[in-house]
Amino acid sequence: MKKGDKTREHIIMKSAELFNQQGYAGSSLNDIIAATGIKKGGIYRHFSSKDEIALEAYNYAASIVGGKFSEAIGKEESAADQLLAFFRVYEDVVDNPPFIGGCPLQNTAVESDDTHPAMRQRAQRGLYSTIDTMKSIISEGIRKGEFKDSLDVDALASFAFSLLEGGIMLSKLEGSNRHMQMNIASFSCYLQQCCYE
């Protein structure tokens, strides 16, 4: 990798951590300079604006979390365990999140809801991608006879995603993983009692 590419990657990585902890609006160009150790001119050599950095930073953070989801899902055999794998990635969200600062999708969605359409669009893509993966797992579970044929794939994926994000938010807010642990237990029970034939 060329030096310029390494520098650009360094700016993206450090900015992703910064934005995911302090938010886009709460992070100034001076904060990016402090986090990266690169002067203003060096940053603008690689990016035309803070917005461009933010979009690339979100993509980077989302790819890290997406990779951890894929790795966790790949270790499981059953559809139910694959759905629970999403939760396992965030099981220790307070002390050991998959990306520093918590869930990039959630943080970006909340902050950009009415203020930054491009960031909101990126978060929406992350939402659709995650839900599509969940729907694919559920559909495969139905095909294999693990789940009832009558199961509403869209509803279960939405429910699973809502439980995941709600558990992350409540656990982060309280500073305790108990909400995520309760959601894992409740969702596991739901899958065992309601979804299997």
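The values are calculated or read from the model by the stated rules, or taken from the named source; none is laboratory data. Keep in mind that this is a model prediction, so the values were computed, not measured. Every residue, glycine as well, gets a Cβ built from its backbone with ideal geometry; the counts of neighbours run over all protein chains shown. When the accessible area is computed, the model is the full protein with side chains, heavy atoms only, and any ligands, DNA or RNA have been set aside. Shrake-Rupley method; radii C 1.70, N 1.55, O 1.52, S 1.80 Å.
Tabulated results
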| read-out | value |
| --- | --- |
| Under 21 Å between alpha carbons - lysine pairs in the stretch 58-197 that sit 8 or more apart or on different chains | 6 |
| Percent accessible area from carbon and sulfur atoms, the stretch 1-133, protein chains only, probe 1.4 Å | 48 |
| Stretchable slack from Leu127 to Gln192, in nm (0.36 nm times residue separation minus alpha-carbon distance) | 20.9 nm |
| Radius of gyration and maximum dimension Dmax of the stretch 112-197, Cα, Å | 15.1, 46 |
| Highest-fluctuation residue, Asp114, Asp95, Asp132 considered, GNM on the chain with Cα pairs under 10 Å | Asp114 |
| Cα-based reach from Lys6 at 15 Å (exclusive), listing aspartates and glutamates while leaving out same-chain residues under 8 positions away | Glu56 |
| Kirkwood Rh in Å, taken over the chain so that all alpha-carbon pairs contribute | 17.9 |
| The stretch 23-105, relative contact order [Cα under 8 Å, separation at least 6], % | 22 |
| Neighbourhood net charge (15 Å Cβ-Cβ; Lys/Arg +1, Asp/Glu -1) for Arg45 | +3 |
| Helix-only [θ]222 nm of the chain, DSSP H runs n ≥ 4, -39500 (n - 2.57) each, per residue, nearest 500 | -24000 deg cm²/dmol |
| Packing-based ranking, highest mean first, of 77-89, 167-179 given that Cβ atoms within 10 Å are counted | 77-89, 167-179 |
| Among Ala34, Leu151, Val65 the positive-end extreme of the charge dipole of the chain (Cβ point charges) | Ala34 |
| Residues in the stretch 157-197 reached by a label modelled at Asp149 [backbone nitrogen below 15 Å; 7 Å Cα→Cβ] | 197 |
| FRET efficiency, Asp51 to Lys2 (Cβ-Cβ, R0 22 Å, nearest 0.05) | 0.35 |
| Accessible surface, per residue, of the stretch 1-152 when the full set of protein chains is kept, probe 1.4 Å, Å² | 53 |
